[in-house]
Each structure stands twice: as C-alpha cells, then as structure tokens.
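The values are calculated or read from the model by the stated rules, or taken from the named source; none is laboratory data. The structure presented is a predicted model; accordingly, all values stated were derived computationally and were not measured. Here the Cβ positions follow ideal geometry from the backbone for every residue, glycine too, while neighbour counts run over all protein chains shown. Ligands, DNA and RNA are excluded from the accessible area calculation, which covers all protein heavy atoms including side chains. Shrake-Rupley method; radii C 1.70, N 1.55, O 1.52, S 1.80 Å.
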Amino acid sequence: MKPLLIDLDGVLKIGNSPAVDAKEFFSFIDENKIPACILSNSTLKTGDLVKAFFASHGIELSIPAITAFDATLLFVKKNYKKVQVYCRDYLIHHFEGMIDKENPEAIVIGDIEDKWNYQIVNDIFKKVFAGADLVAMHKNKYWNPKGELLIDAGAFIHGIEFAAGKNAILIGKPSPLYFKTALENINCNIENGFYMIGDDIENDIKAAKEIGGEGILIYTGKTEFSLEKNFDINPDFGVQSLREVISILTREFQQ
C-alpha cells in the first residue's frame, strides 16, 4: 500500500475540533496497517501537541505527527548558534539558549498572528540585508482557521525576500525535503510513491505531484468546491470528507 501523508488544519482538524470522521479515518489506517504520517505546515503546534489535541478529544494517535515547527527547530539547532525567532510565545522556549535579537545568524519566521507591523518587517529586512539568513517555517499565502480567510506569513516573507534580494530557506511544504523527511520517518521511500491528503491546492497537492505523489484534495478547509476549469493544478481526486478518502483508498488498494 502506498503511504499516506495527511495535512492537519482543514483536513483532520476543522477549527478547534477534529473532523467529524477523523476517528473513523484513523481506525481505517490502523486496521489496514497503512504507513501514514501527519505532515502539517502548522507553526502553532509541535507533533506532541498535535497528539495531545486528539487525545483531549478521545482519539489516541498511533501514527506520527510532524509540523513545520518541529522541522524548523531541528534545522536551526543543527545550523546556527544565535537566532532571532518570530513565533507564538508558548513555543519560544524551544529555542532557549539560542535567542540573540541584536546579532543573529538567522531570522526564523513562524506565526505571530496579528502582531505584524512595519517596524517588525523593517527590522527583519535590515538584518537579512546585512547578511543574516532568513528561515521560513512555511510560506503559506493564507489560511482558514475558523471559517474566515486570513493572510499568512508567506506574504510578509515574500516582501522581505524582494526587498533584501535574498531567498528564504523554506522548511515546510512545499519543500520536497519536508515530504521526504516525513516518508523516511515511516520507513518509506519517496521513489515508491505516496498519497498526499490536503486542503491546500499548491502546498499540498501541486507540491506532492511534482515529486511523484498523488494528490487527494479535500474541500473541508481553505479550498472551496469546485476548482475553476482553467486552473492549472489538477488533483488526482477531489473529496468532501475523510469518509470519501476511505472509499477511494479502498478502491485503490483493491486494484
């Protein structure tokens, strides 16, 4: 069976609750012994917090969860000694002993909600322009946390890249390395193919297809049904629920 990579927000988690059919979906994975990993661009949670979220709703995960925050933390600890980090306050302690706001080797950008302003953007720009690396947990354009589209960090990161004339080091989706890392984590080889189940047509579906995966686009998150006919990205499957994903995978596995 081809392994599954599964997005979190808009797929397994809708707003502040698990998707209505998430428990059934996880049971299907367990019963069929399908290699699977939650691969999230979330900068709000670690993999441990993802598991804790589902546990708080009576769902015990048997599959691993990796977030863009996890992957960024590993990358930063491996490559730098001094960094300036923009992320939620409850996560900053993970970078303890590395924070240097005056002379950082890199600026790390995650999610700071609505705290973005000219002063912050300009400060990051000046340090990157002077030579600091720019590390992006992700470059999402927008997201849909509670049924309302909100601009995401990618818009600010792109602006800083343009002004500084320097590209960010991208850690999360659509980075091919992120997909590969997740597959290796469940002892699977990217060359053998995989399914990516996500709600983001570019970061989930297009990114997966470009490296040999198959994309299952679910219309429970940021992408509304249906795609425009002239859209240049075509998912292999389009579904309205995780229960439909189960039906598709059942058919695929029986072939």
Test: residue in the range 196-205 that is in a loop (DSSP other than H, G, I, E, B), in contact with a strand residue (DSSP E or B) (Cβ under 9 Å, 6 or more places away or on another chain) and either loosely packed, with under 13 Cβ neighbours inside 10 Å or touching a residue at least 60 places away in the same chain (Cβ under 8 Å) (or both): yes
Tally of residues being of a type in the set (F, W, Y) and open to solvent by 80 Å² or more (accessible area, probe 1.4 Å) across the range 161-193: 1
Output for the range 41-59, where each listed residue is at pLDDT 95 or above and either of a type in the set (S, T, Y) or open to solvent by less than 10 Å² (accessible area, probe 1.4 Å) (or both): T46, G47, V50, F54, S56
Enumeration of residues in the range 206-222 that are under 16 Å from N192 (Cβ atoms) and touching a strand residue (DSSP E or B) at 6+ places or on another chain (Cβ under 7 Å): A208, K209, G213, E214
Boolean, F25 is crowded, with 19+ Cβ neighbours inside 10 Å and of a type outside the set (S, T, N, Q): yes
Members of the range 131-151 found to be crowded, with 21+ Cβ neighbours inside 10 Å and part of a loop (DSSP other than H, G, I, E, B), listed by number: A132, M137, H138, K139, N140
Top-ranked residue in the range 80-130 [being touching a strand residue (DSSP E or B) at 6+ places or on another chain (Cβ under 7 Å) and in a loop (DSSP other than H, G, I, E, B); ranked as most open to solvent (accessible area, probe 1.4 Å)]: K101
Filtered residues of the range 60-71 (kept if open to solvent by 10 Å² or more (accessible area, probe 1.4 Å) and either modelled with pLDDT under 95 or under 15 Å from the mean Cα position of the chain (by Cα) (or both)): P64, A65, I66, D70, A71
